[in-house]
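The values are calculated or read from the model by the stated rules, or taken from the named source; none is laboratory data. Note that the structure is a prediction, hence the values are computed from the model and not measured. Here the Cβ is made from the backbone with ideal geometry for all residues, glycine too, and neighbour counts use every protein chain on show. Remember, those area values only see protein heavy atoms, side chains included, never the ligands or the DNA or RNA. Shrake-Rupley method; radii C 1.70, N 1.55, O 1.52, S 1.80 Å.
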Amino acid sequence: MWDTNDYSLRRHNTFGLDVRCMRFAEYGSVEELRGLLAELRECPVRRLLHIGGGSNLLFRADFDGLVLHSGILDFDIVRTDGDAVYVRAGAGERWDDFVAWTVAMDLYGAENLSLIPGEVGASAVQNIGAYGAEAKDIIDSVEAIDVATGEVVHIPVAECGYGYRTSRFKTKDAGRYIILSVTYRLAQRFTPNLTYGGLRREVEARGIDPVDLTAADVRRIVIEVRRQKLPDPEVKGNAGSFFVNPIVSRDRFVDIWQHHPEMPSYDAGQEVKIPAGWLVEQCGWRGRRLGPAGVYDRQALVLVNEGGATGADIVALSRAIQTDVCRQFGVWLQPEVMFV
Ligand code: EPU
């Protein structure tokens, strides 16, 4: 375990903001974490924040408390059941290292989620998703520690409260648990998931017959598409999609659609999901800047640090966008990124 005071979080948030925390601690095992939590019960801190890869965080200012980070690593095959292989991954593993490992091991189900930034633990909090797949589709269970009692619990996927980019770990049980590891259910037989139109078109454009497609092909194509559309945080600070795609009533959808029949949309049960990137672009924000914060020119859903931005600069830009979208479409965009 390492533990330090007045620590810069620059390497721990993909916006690249130079904020500091009072104390930072990284643990490498459950025992170390238990020790830390016991210490905290003796000597509480004002604020506690557990972070993953910092790819979904926006620090508005320095953090006046303790930031915890998991260094619990390892991938283990825990059991096999027919075609299914159950793999346990440590919460501190980089998500994309996990995906690369599954593809190399000929275990399938994670390949559409290639190159998503962040770590295994956060993927289960956020229910990350892309190209027609979501983490919850392959999660079997989550192993976590209850911060108040130190008890280790195994939560089956059906009890994780998963929805679009959400779970009980970010809603009713926010702060209650720290995720130690996630067990995934992967398949030994590869069945391509080409339900997302954009991915299917990319496969066709490369002249690959879907019957010849391999998981390594899917991974390669997803990586290519993401690199084209999304800025590399090492080059330009960003946190991927800044807003979630809003889900609106059919009435609201029809209102907008009457003026914009070209608007893309997806069914969401009784309601309709509209791409936030499209709304932001319609308001003229794609490629625009407000001070040192900007909107990425190839994907309007991504806000970027153009260099030297503070959290306040990015919040100011996001408020300006929310106000414009609300004025023009009557929809208030909700951030996907968590504000600290
Ligand atoms: N669009 C625009 N202008 C833009 C961006 C998008 O008109 O600037 C339109 C596109 O033409 C398309 C539609 O919006 O018709 C959807 O765009 P895209 O396929 O790029 O996906 P998205 O809805 O913008 C979501 C996820 C991404 C994920 C992609 C691919 C959310 C909030 N975002 O984006 O996730 O990679 O689908 O599956 O659901 C992330 O969460 O950080 C992330 C990048």
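The GNM of the chain, with springs linking C-alpha atoms under 10 angstrom apart, assigns the highest mean-square fluctuation among 212, 62, 267 to 212. A 1.4 Å probe, protein heavy atoms only, puts the accessible area of residue 283 near 20 Å². Taking all protein chains into account, the per residue accessible area for the chain stands at 47 Å² (1.4 Å probe).
If every alpha-carbon in region 81-181 counts as one equal scatterer, what log10 I(q)/I(0) does Debye give at q = 0.13, 0.18, 0.22 1/Å? For the requested q values the scattering log ratios are -0.43, -0.83, -1.21. Pairs of Lys residues in the chain are counted when their Cα atoms are under 28 angstrom apart and they lie 8 or more places apart or on different chains; the count is 9.
Dividing the summed helix terms, -39500 (n - 2.57) for each DSSP H run of n ≥ 4, by the number of residues in the chain produces a 222 nm estimate of -8000 deg cm²/dmol to the nearest 500.
For the chain, modelled as a GNM whose springs connect Cα atoms under 10 angstrom apart, the maximal fluctuation among 56, 112, 193 occurs at 193.
Each residue of region 165-170 is assigned a 3J(HN,Hα), and the resulting list reads 6, 8, 7, 5, 6, 10 Hz, derived from the Karplus form 6.51 cos²θ - 1.76 cosθ + 1.60 (θ = phi - 60°), x at Gly and Pro. Given a 10 angstrom Cα cut-off, can you work out which residue in 231, 44, 117 is the most mobile in a GNM of the chain? Comparing 231, 44, 117 in a Gaussian network model of the chain, the most mobile one is 44. Only protein atoms count toward the accessible area here, which uses a 1.4 Å probe; on region 271-340, the carbon and sulfur part of that area reaches 46 percent.
Working out 0.36 nm times the residue gap between residue 250 and residue 79, then minus their Cα-Cα distance, what length gain in nm do you get to one decimal?
Contour length minus Cα-Cα distance gives 57.1 nm.
Consider all pairwise Cα distances in region 168-228 and report the whole-number % of them above 17 Å. In whole percent, the share of Cα-Cα pairs in region 168-228 beyond 17 Å is 55.
In terms of overall dimensions, region 2-70 has a Cα radius of gyration and Dmax of 11.9, 34 angstrom. For region 187-195, the Karplus equation 6.51 cos²θ - 1.76 cosθ + 1.60, evaluated at θ = phi - 60°, returns couplings of 10, 8, 9, 8, 10, x, 9, 10, 5 Hz by residue, with Gly and Pro reported as x.
What shape does region 33-93 take by its C-alpha gyration tensor, where a ≥ b ≥ c are the square roots of the eigenvalues and a/c under 1.5 counts as rounded, a/b above b/c as prolate, and the rest as oblate? Oblate, since a/c reaches 1.5 and b/c is not below a/b. Each residue, residue 228 and residue 188, gets one label point 7 Å from its Cα in the Cβ direction; the gap between the two is 3.6 nm. In this structure residue 310 has an accessible area near 70 Å², from a 1.4 Å probe over the protein heavy atoms.
Separation of region 1-68 and region 274-340, taken as the distance between their Cα centroids, equals 27 angstrom. Over the C-alpha trace of region 237-339, radius of gyration and Dmax come out as 13.7, 43 angstrom.
Expressed per residue, the C-alpha convex hull volume of the chain stands at 142 Å³. For region 75-228, the carbon plus sulfur part of the accessible surface works out to 48%, probe radius 1.4 Å.
For region 64-71, the Karplus equation 6.51 cos²θ - 1.76 cosθ + 1.60, evaluated at θ = phi - 60°, returns couplings of 8, x, 9, 9, 10, 9, 7, x Hz by residue, with Gly and Pro reported as x. Magnitude of the charge dipole for the chain, about its Cα centre and with charges confined to Cβ atoms of Lys, Arg (+1) and Asp, Glu (-1), is about 1000 debye.
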